[in-house]
Amino acid sequence: MFALDSQAARLATRLSFFVGGFGLSCWAPLIPFVRAQLQLDAGVLGSLLLCLGLGSVSAMVVTGAISARYGSRPIIALSGFLLAVTVMLLPLAQNTLQLAATLLLFGAALGSLDVAMNLHAVEVEKAAQRSLMSGFHAMFSVGGFAGSAIMTLMLAMHMSTASSALIAAMVLAILMLFTWPRLAQTPQAKHGPFFSVPKGIVLVMALLTGIAFLVEGAMLDWSALLITESGLVPTAQGGLPYIVFSVAMLSGRFFGDALSQRLGDRVLLLWGGAVAVLGIMIAVFAHTALSALAGFVLIGAGAANTAPILFRLAGAQTDMPTGLAVAAISTVGYSGVLLGPALIGFVAQQIGLPNAFIMLAGLLALVPLSAGRMTSTKRR
């Protein structure tokens, strides 16, 4: 076990985020194969996918308090190894009930890991006394790219889904075996509730985190339709907006810690949020493909550091214990990813997709408008 301010603890935190992104992304390439294997229609598949979200949110609600009581180290280790096991089991499901149960466990592992690793990251950053959170979150994106690329490559080589998932699970297990001993023991609270409704500044942080993650979900699910329905690019090139958005977001997170150190969290929230709002408006009203793609670059770069900064601020506020605060913003944030794109689809059906994106820009504008309030809270 290493001290919170050690290089080993920082490496373990980065690897924890990488494991989370890697494990989550392994599932997406498996979906078509599992659907065909179990002969699932779209409705049943949608219901099964909700099991993943239900498992994640349910675990998030209690993981923050458990991590605060016993430390995040054992939770990261347990959820990381459970993630490896469930990745291996996903393609082995023989019926919908088995798949639903596996997805619940898969989601619970992801949700628990998400909260515990963010709590560990908050404490490691405090001990280091410098900004590290954006770099930690960038590793989640790197893990997501690596997991989807490796899984897709194995399936493209006509390896069976079971063999591909087993190799992915082995990679996860090896990473966790390397990570676990290097995790630091975070502070533990002897007493405290196992669940608490977000209150005070934490409630505002949670809502802003939900908006930030909603933007990410909207880019994944709706950016292609926005640019292709406007006739700016052919359908075959509909993936370009999400590609440039992802690259810009990853780049923004890699540089986010240095910017936070130099400019401060308030400036980064204010101008980052404003740039992202401007990017949405450019993408909506663009008359050329190049200008639309420039808008998506601005969205990714501007929104890149919103969630990492809010997690950092959750560890600094005094309205709630850190563990409960991190759990609250993780839960609301994940709900934004899970429910937000569906809500955008409903709104788009009523008023059109461009107008739905304009409403999204209005929600995102709350980030720069709240920057001063978020960064003026009393620190621990």
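The values are calculated or read from the model by the stated rules, or taken from the named source; none is laboratory data. None of these values were measured; they are calculated from a predicted model. Methodologically, a virtual Cβ is constructed for each residue, glycine included, from the backbone with ideal geometry; neighbour enumeration extends over all protein chains shown.
Structure values in brief
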item: Any hit, the range 159-177, residues being outside the structural domain of ALA212 (by TED's automatic domain parsing) and in contact with a Ser or Thr (Cβ under 8 Å, 6 or more places away or on another chain); result: no
item: Yes/no for ILE282 being within 23 Å of VAL204 (Cα to Cα) and part of a helix (DSSP H, G or I); result: no
item: Selection within the range 32-68 - surrounded by fewer than 24 Cβ atoms within 10 Å (Cβ to Cβ) and either touching a strand residue (DSSP E or B) at 6+ places or on another chain (Cβ under 9 Å) or more than 21 Å from SER335 (Cα to Cα) (or both); result: PRO32, PHE33, VAL34, ARG35, ALA36, GLN37, LEU38, GLN39, LEU40, ASP41, ALA42
item: Qualifying residue in the range 86-105 (condition: within 17 Å of the chain's Cα centre (by Cα) and in contact (Cβ under 8 Å) with a residue 60 or more places away in the chain); result: no
item: Only one of ALA303, ALA314 that is buried (at least 24 other Cβ atoms within 10 Å of the Cβ), modelled with pLDDT of 90 or more, small (Gly, Ala, Ser) and within 16 Å of ALA212 (Cβ to Cβ); result: ALA303
item: Per-region count, the range 256-289, residues hydroxyl-bearing (Ser, Thr, Tyr) and more than 24 Å from the chain's Cα centre (by Cα); result: 1
item: GLN94 vs. criteria outside any helix (DSSP H, G or I) and not β-branched (Val, Ile, Thr); result: yes
item: Close pairs from the range 135-164: first surrounded by fewer than 21 Cβ atoms within 10 Å (Cβ to Cβ), partner of a type in the set (Phe, Trp, Tyr), Cβ under 7 Å, at least 6 apart; result: VAL142/PHE18; ALA146/PHE22; THR161/PHE33
item: Test: residue in the range 290-297 that is without any contact (Cβ under 8 Å) to a residue 24 or more places away in the chain and out of contact with any helix residue (DSSP H, G or I) (no Cβ under 7 Å at 6 or more places or on another chain); result: yes
item: Criterion (within 17 Å of LEU175 (Cβ to Cβ) and in the same structural domain as ALA128 (by TED's automatic domain parsing)) met by exactly one of THR13, THR63; result: THR13
